[in-house]
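Q: Here's a structure for you.
The values are calculated or read from the model by the stated rules, or taken from the named source; none is laboratory data. Note that this is a predicted model, so its numbers are computed, not measured. Calculation scope for accessible area: heavy atoms of the full protein, side chains included, ligands and nucleic acids excluded. Shrake-Rupley method; radii C 1.70, N 1.55, O 1.52, S 1.80 Å.
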Amino acid sequence: MPTIRQRESGHWQAVVRRKGYSPELRTFARKADAELWARQVEGEMDRGVYVSRREAETTTLKDALERYEREITSKKRGAEQEKYVIRALLSEGIAKRTLAGVRGEDVARFRDAELARGLAASSVMKRLALLSHLFEIAVKEWGIECLNPVTEHDPAS
């Protein structure tokens, strides 16, 4: 059974504890939202399919891009060109979102804005490929559980 308590701020905190899992907690503006989240997490834990998304919910795309530049780009042959692309991505509004918060529509909006600025389709594809690879690295090497929102965002479409 989760613990739901009201904080001094008036927000509601849900805490779920299950044997074999680290405690999961989250704060919500509404009690109903806290209860719903807690039931979902408990259900996933009971079925043995729960994976913590805490790191994806706290790591911004900016932080991930900077880490990617340090750990991945620096080892590539075309590092200088890729650093330029990373700098361009860091200046975009999408970089302020958390990894868990980046959605396909954000990527599509970014793609469309880059094309509207007059960037070549091949340049936009390189930026999207870098973003996609970043999400793959986040999951496979950094252990950050998040979905890759960069799937079929072809600039020609």
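Q: With θ set to phi - 60° and the Karplus curve 6.51 cos²θ - 1.76 cosθ + 1.60, what are the ³J(HN,Hα) couplings of segment 81-96 in order, to the nearest whole Hz, using x for Gly and Pro?
A: 5, 5, 4, 4, 5, 4, 4, 5, 5, 5, 7, 7, x, 4, 5, 7
Q: With θ taken as phi - 60° and the coefficients 6.51, -1.76 and 1.60, list the Karplus ³J(HN,Hα) couplings across segment 124-139 in order, rounded to whole Hz; mark glycine and proline as x.
A: 5, 4, 5, 5, 5, 5, 5, 4, 4, 5, 4, 5, 5, 5, 4, 6
Q: How large are Rg and Dmax for the chain when only the alpha carbon atoms are used, in Å?
A: Final numbers for Rg and Dmax: 18.8, 55 Å.
Q: Considering Cα pairs under 8 angstrom that are at least six residues apart, work out the relative contact order of segment 10-73 and quote it in whole percent.
A: Over segment 10-73, the number comes to 25 percent.
Q: Which whole-Hz ³J(HN,Hα) couplings does segment 105-111 yield from phi under the Karplus relation 6.51 cos²θ - 1.76 cosθ + 1.60, θ = phi - 60°, glycine and proline marked x?
A: Once θ is set to phi - 60°, the couplings for segment 105-111 become 5, 5, 5, 5, 5, 4, 4 Hz.
Q: A follow-up question, please. Under the Kirkwood approximation applied to all pairs of distinct alpha-carbon atoms, what is the hydrodynamic radius of segment 1-93 in Å?
A: Every distinct Cα pair counted, the radius reaches 16.0 Å.
Q: Quick check: residue separation of ASP46 and ARG18 times 0.36 nm, minus the Cα distance between them. What number comes out in nm?
A: Length difference between fully extended and current span is 9.2 nm.
Q: Here is a further query. Mean residue ellipticity at 222 nm from the helices of the chain, using -39,500 (n - 2.57) per DSSP H segment of n ≥ 4 over the full residue count, to the nearest 500 deg cm²/dmol?
A: Theoretical 222 nm ellipticity from helices: -15500 deg cm²/dmol.
Q: Please compute the per residue accessible area over the chain with all protein chains in place, 1.4 Å probe, rounded to a whole number of Å².
A: I get 61 Å² per residue for the chain.
Q: Here's another thing I want to ask about it. May I ask you to give the percent of accessible area on segment 1-150 that is carbon plus sulfur, with a probe radius of 1.4 Å?
A: Using a 1.4 Å probe with all protein chains present, segment 1-150 comes out at 50 percent carbon and sulfur.
Q: I need to check one value: relative contact order of segment 1-140, counting alpha carbon pairs closer than 8 Å and at least 6 residues apart, in percent.
A: 16
Q: Now for a different question. Would you please calculate the Kirkwood hydrodynamic radius of segment 89-134 over all C-alpha pairs and express it in Å, rounded to one decimal?
A: Hydrodynamic radius (Kirkwood, Cα only) of segment 89-134 equals 10.9 Å.
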